Amino acid sequence: MTSNAVDTQTTPAVALTIAGSEATGGAGAQADLKTFQELGVFGIVNLTCIVSFDPKDNWNHRFVPVDQQVIADQLEATTAAYGAGSGAPSVLDTVKIGMLGSPDTISTVATALSEGAFRNVVLDPVLICKGQEPGHALDTDQALKAQILPLATFVTPNHFEAESLSGLEITDVESLTAAAVRIHELSGAAVLAKGGVRLAGPDAIDVFYDGETLEVLSAPKVGDVAVSGAGCSLAAAVTAELAKGAAPLEAARAAKDFVTAGIRNRVASGAPFDALWQGGPR
Ligand code: PXL
């Protein structure tokens with residue numbers, strides 16, 4: 001111990017992300033952890049898979065799942081340290097679910113979620129991974145809808161995921177709203193359905209619906225190309241705000257501002273897409 005050591009404790013809000021690693025640092029667990037830190041939340045990662053883009057194959061995803069026992073071990077360690085009954089001063093009651101990637105991982109995580117006492121379960125329903133077998137992806141999509149969606153308290157589908165979850169075609173704010181309402185009916189969760197750059201017009205539109213309040217969140221588009229990590233960071237910012245005690249609509253508004261600033265300050269690389277910078281609001 002050095003002489004200036006102090007024995008005070010800090011009790012920040014705590015949040016867990018159950019997510020995959022994306023090796024270039026733009027998306028996945030890396031984006032989640034950086035977002036948590038920027039928003040003043042002690043972040044924990046339980047890793048489900050490792051994604052490495054393949055620059056020799058059009059930057060498609062190379063996907064390696066983490067062994068099921070290792071996923072269960074991470075969940076056990078995290079719960080023992082910070083879960084309800086752990087004695088931790090800051091109890092972990094908020095979790096974000098990112099890429100799970102296989103039906104086996106979905107079952108492992110669904111079991112842990114139904115045993116854990118999470119107040120907030122934020123689901124970023126990552127449905128498709130470029131380079132995966134279509135049949136494999138379909139199994140994964142169905143397992144996610146059947147096992148994880150009913151446990152979610154907040155869902156953040158992008159355009160494609162909102163169409164897939166709702167079964168509706170989304171072409172404008174009205175159909176995005178209808179999809180948000182439908183996904184709420186299916187899940188009981190608060191929904192933030194993202195139009196992003198996919199809807200025509202000058203603004204990036206997201207629709208929030210929680211069964212009572214419907215709000216269209218809008219910000220001027222920053223370019224017309226999707227930025228890597230925007231979806232992960234939006235859901236992670238919602239998670240961080242909920243962990244700090246915000247209400248769902250407040251969390252959605254703060255997350256939208258966070259992501260808009262991160263896209264304005266995006267990071268270029270040798271990859272054919274830019275990455276969101278979580279330090280954008282600074
Ligand atoms: O943006 C979705 C996403 C989530 N998680 C991981 C990813 C990606 C997209 O690349 O690789 C691990």
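Quick grid of which residues meet (1) touching a residue at least 12 places away in the same chain (Cβ under 8 Å); (2) more than 29 Å from Arg264 (Cα to Cα); (3) touching a helix residue (DSSP H, G or I) at 6+ places or on another chain (Cβ under 6 Å):
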| position | (1), (2), (3) |
| --- | --- |
| Leu168 | yes, yes, yes |
| Thr171 | yes, no, no |
| Val181 | yes, yes, no |
| Ser187 | yes, yes, yes |
| Ala190 | yes, no, yes |
| Lys194 | yes, no, no |
| Val197 | yes, no, no |
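Would you pick out the residues in region 26-46 that are closer than 14 Å to Ala230 by Cβ and surrounded by fewer than 24 Cβ atoms within 10 Å (Cβ to Cβ)? Correct list: Gln30, Lys34.
Condition check ((1) surrounded by 14 or more Cβ atoms within 10 Å (Cβ to Cβ); (2) of a type in the set (Gly, Ala, Ser); (3) within 13 Å of the ligand (Cβ to nearest atom)) across all residues:
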{"residue": "Thr48", "(1), (2), (3)": "yes, no, yes"}
{"residue": "Asp54", "(1), (2), (3)": "no, no, yes"}
{"residue": "His61", "(1), (2), (3)": "yes, no, yes"}
{"residue": "Asp93", "(1), (2), (3)": "yes, no, no"}
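Across region 223-237, the number of residues qualifying as within 11 Å of the ligand (Cβ to nearest atom) and out of contact with any helix residue (DSSP H, G or I) (no Cβ under 6 Å at 6 or more places or on another chain) comes to 4.
The set of residues from region 206-232 being within 30 Å of Ser52 (Cα to Cα), hydrophobic (A, V, I, L, M, F, W, C) and surrounded by fewer than 21 Cβ atoms within 10 Å (Cβ to Cβ) comprises Val222, Val225, Ala226.
Against the numbered list (1) part of a helix (DSSP H, G or I); (2) without any contact (Cβ under 8 Å) to a residue 40 or more places away in the chain; (3) buried (at least 23 other Cβ atoms within 10 Å of the Cβ), Leu242 comes up short only at (2).
Restricting the search to helices (runs of 4 or more DSSP H) fully inside region 68-179 and requiring at least 3 residues that are under 16 Å from the mean Cα position of the chain (by Cα), more than 30 Å from Thr8 (Cα to Cα) and not aliphatic (A, V, I, L, M) gives 159-166. Is it the case that region 43-58 has a residue that's outside any loop (DSSP other than H, G, I, E, B), out of contact with any strand residue (DSSP E or B) (no Cβ under 7 Å at 6 or more places or on another chain) and not basic (Lys, Arg)? Within region 43-58 (the criterion being outside any loop (DSSP other than H, G, I, E, B), out of contact with any strand residue (DSSP E or B) (no Cβ under 7 Å at 6 or more places or on another chain) and not basic (Lys, Arg)), the answer is no, since none of the residues qualifies. From the list Thr79, Thr105, which one is polar (S, T, N, Q), in contact with a helix residue (DSSP H, G or I) (Cβ under 9 Å, 6 or more places away or on another chain) and within 13 Å of the ligand (Cβ to nearest atom)? Just one listed residue meets the conditions, Thr105.
Do the conditions hold for Phe42, that is, is it at pLDDT below 95 and among the hydrophobic types (A, V, I, L, M, F, W, C)? Full working, then the answer.
Working: at pLDDT below 95: no; among the hydrophobic types (A, V, I, L, M, F, W, C): yes.
Taking the combined requirement at face value, the residue does not satisfy it.
Each residue in region 67-86 was checked for being under 15 Å from Phe118 (Cβ atoms) and touching a residue at least 40 places away in the same chain (Cβ under 8 Å), and 3 pass. Can you name the residue in region 238-266 that is more than 16 Å from the ligand (Cβ to nearest atom) and of a type in the set (S, T, N, Q) and is also nearest to the chain's Cα centre (by Cα) among such residues? Per the criteria, the residue is Thr260.
The values are calculated or read from the model by the stated rules, or taken from the named source; none is laboratory data. Just so it is clear, the structure is predicted and the values come from calculations on it, not from any experiment. So basically every Cβ, Gly included, is an ideal-geometry build from the backbone, and we count neighbours across all protein chains shown.
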